[in-house]
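Please read the structure below before turning to the comments.
The values are calculated or read from the model by the stated rules, or taken from the named source; none is laboratory data. All values reported here derive from a predicted model rather than from experimental measurement. Cβ atoms come from the backbone with ideal geometry, glycine included; neighbour counts cover every protein chain shown. When the accessible area is computed, the model is the full protein with side chains, heavy atoms only, and any ligands, DNA or RNA have been set aside. Shrake-Rupley method; radii C 1.70, N 1.55, O 1.52, S 1.80 Å.
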Amino acid sequence: MREYSPADLLDLDRRHVWHPYGPMPGRQEQLLVESASGVRLRLAEPAHGQRELVDGMSSWWSAVHGYNHPVLNEAARAQLDRMSHVMFGGLTHEPAVRLAARLVEITPEPLQHVFLSDSGSVAVEVAVKMCLQYWRSVGQPRKQRLMTWRGGYHGDTWQPMSVCDPEGGMHELWQGALPRQLFVGAPPSEFDEAYADELRTAIERHADELAAVIVEPVVQGAGGMRFHSPAYLRVLREACDEHGVLLVFDEIATGFGRTGELFAAGHAALSPDVMCVGKALTGGYVSMAATLCTSRVADGISSGEVPVLAHGPTFMGNPLASAVALASIDLLLGQDWRGEVKRLEAGLLDGLAAARPIEGVRDVRVLGAIGVVQLDHAVDMKAATAAAVREGVWLRPFRDLIYTMPPYVTGDDDLARVCRAVCAAAREG
Ligand SMILES: *Cc1c(COP(=O)(O)O)cnc(C)c1O
């Protein structure tokens, strides 16, 4: 095999490889990661004097147990020796069956049926398909529209894009081409009765065309890192029940403890009709997501004119991903994850307080193991990233946001370092 130097790899990368939201050829500098272990990413070559970076991103919410975890490695290896993959049509296997049963067990009680897929965006597509097909099956085919609130993010494929915030977001370009969904204003952080009324009124007024309301519960992630009162979830649940609209929670970012509850729905002690999970599902090891639904939704679909859910990804229920997901869930639930997330929350509150007096900082907010510093201007990505790297930390700011959601295994010293890096990025970005 031909040897590539780091410079060769970066050159090939720039010429041939798309990166998230990137141009071709690439213009941004990429850091070449050689390996990762615990909370540290090891670079092939030093950047700003650092060979190792403490990961402040959990690889976009996913690597909650850190990297190269012996338990997850062992689960992957053991499964690899049995089979990495078999098709899921006409065949089934223990890892997927156990994973689905486990997800039913740990999510709100009414969610009973699990559709396994490859990524979060696909899980949202499946959720939308479930809702539209449910109404078609029960004889209300006009109910095809979705309602959501502004500030959301649900993925990059077509239906998810249609419920991402249409303004200032990443999918503005597609305004005319996407299905036109119903948007209400972004949820205020504190409970506001007037806003709750807006939610109720919109659902009531559009009930005959609405298939579902879809939201990220409690924390809006890539749409702006905003937090809101869980009481709005209750408002949505009640209005949806009253007016015959399904409720979908996209817990792809919030799931598996990140907000301080195992699922953010737990903050309001209620269940949606359909729920999506992904990201931390496999502890950041392999791409996998799941869409769960109630028996009412499943029964509706399965008694319709086309009595099946017509969706079936090639890699559905992938055994390797299922086995790692099971191990990751066991690892999480087998420890005091609530205590760990609380510890991180306290550390973030403490460490990010130093960002408040920095010029240009508009807001500092923390919830669970999520810390956000919002500026009053767009972040200078290059300067902010470099400032964090000089502190020995990996961060990936966007828009006016410098934020962190560290792995749950981040120690207090490393967490303090992440906070210092967020502050440095806020100062220089
Ligand atoms: C990341 C994310 C998605 C999309 O998941 P992918 O695996 O990137 O397709 C959808 N919804 C939310 C809330 C997310 O954070």
Checklist entry - Hey, got a sec? Which GluC sites (Glu not before Pro) in segment 1-105 land in a DSSP loop and have at most 12 other Cβ atoms within 10 Å? => result 3, 29
Item to check | Order of exposure, largest accessible area first, which applies to 412, 363 with probe 1.4 Å | outcome: 412, 363
Checklist outcome for this item: Protection proxy (average C-beta count within 10 Å per residue), highest first, orders 272-284, 114-126, 171-183 as 272-284, 114-126, 171-183
Checklist outcome for this item: Helix 193-205: inclination vs the chain longest Cα principal axis, degrees, rounded to 10, gives 50
Checklist entry - Quick one: net charge of residue 167's neighbours, Cβ under 15 Å, K/R +1, D/E -1? => result +1
Checklist outcome for this item: Percent antiparallel among DSSP beta bridges confined to the chain, nearest 5, equals 70
Item to check | Rh (Kirkwood; distinct C-alpha pairs) - segment 45-162, Å | outcome: 18.5
Checklist entry - Under the rule of -39500 (n - 2.57) per DSSP H run of 4 or more residues, summed and divided by the residues of the chain, what mean residue ellipticity at 222 nm is obtained, to the nearest 500 deg cm²/dmol? => result -11500 deg cm²/dmol
Next on the checklist: Considering all alpha-carbon pairs of the chain, what whole percent are spaced by more than 39 angstrom?
Outcome noted: 19
Checklist entry - For segment 126-276, what is one quarter of the convex hull surface built on the Cα atoms, given in nm²? => result 8.2
Next on the checklist: Quick check: residue separation of residue 12 and residue 42 times 0.36 nm, minus the Cα distance between them. What number comes out in nm?
Outcome noted: 8.8 nm
Checklist entry - Carbon and sulfur atoms: what percent of the 1.4 Å accessible area of the chain do they account for? => result 52
Checklist outcome for this item: GNM on the chain, Cα springs under 10 Å; top mean-square fluctuation among 210, 80, 332 goes to 80
Item to check | Where only C-alpha atoms are counted, convex hull volume of segment 312-428 per residue in Å³ | outcome: 137
Item to check | Nearest 10 degrees, 0 to 90: helix 337-352 Cα axis against the chain principal axis | outcome: 60
Checklist entry - Given a 1.4 Å probe, how much area per residue of segment 232-367 is accessible, in Å²? => result 36
Checklist entry - What is the gain in length, in nm to one decimal, between residue 142 and residue 105 on full extension, counting 0.36 nm per residue of separation less the C-alpha to C-alpha distance? => result 9.9 nm
Item to check | At 1.567 mPa s and 4 °C, Stokes D of segment 160-199 from Kirkwood alpha-carbon radius, µm² per second | outcome: 111
Checklist entry - Where the centroid of each part is defined by its Cα atoms, how far is segment 102-154 from segment 377-429 in Å? => result 34
Checklist outcome for this item: Descending packing, highest mean Cβ count within 10 Å first, for 234-243, 197-206, 55-64 is 55-64, 234-243, 197-206
Checklist entry - Using only the Cα atoms of segment 1-58, what do you get for the radius of gyration and for Dmax, in Å? => result 12.6, 34
Item to check | Residues listed by number, segment 253-279, amide nitrogen under 13 Å from residue 311 label point at 7 Å toward C-beta | outcome: 274-278
Checklist entry - Can you pull the three principal axis extents for the Cα set of segment 234-316, in Å, largest first? => result 39, 38, 13
Item to check | Proximal lysines to residue 129, defined as alpha-carbon separation beneath 19 angstrom and excluding residues fewer than eight positions away on the same chain | outcome: 143
Checklist outcome for this item: For 89-98, 297-306, ranked highest to lowest by mean beta-carbon neighbours within 10 Å, the order is 297-306, 89-98
Checklist entry - What trypsin sites (Lys or Arg not before Pro) does segment 1-37 have in DSSP loop regions with at most 10 other beta carbons within 10 Å? => result 2, 27
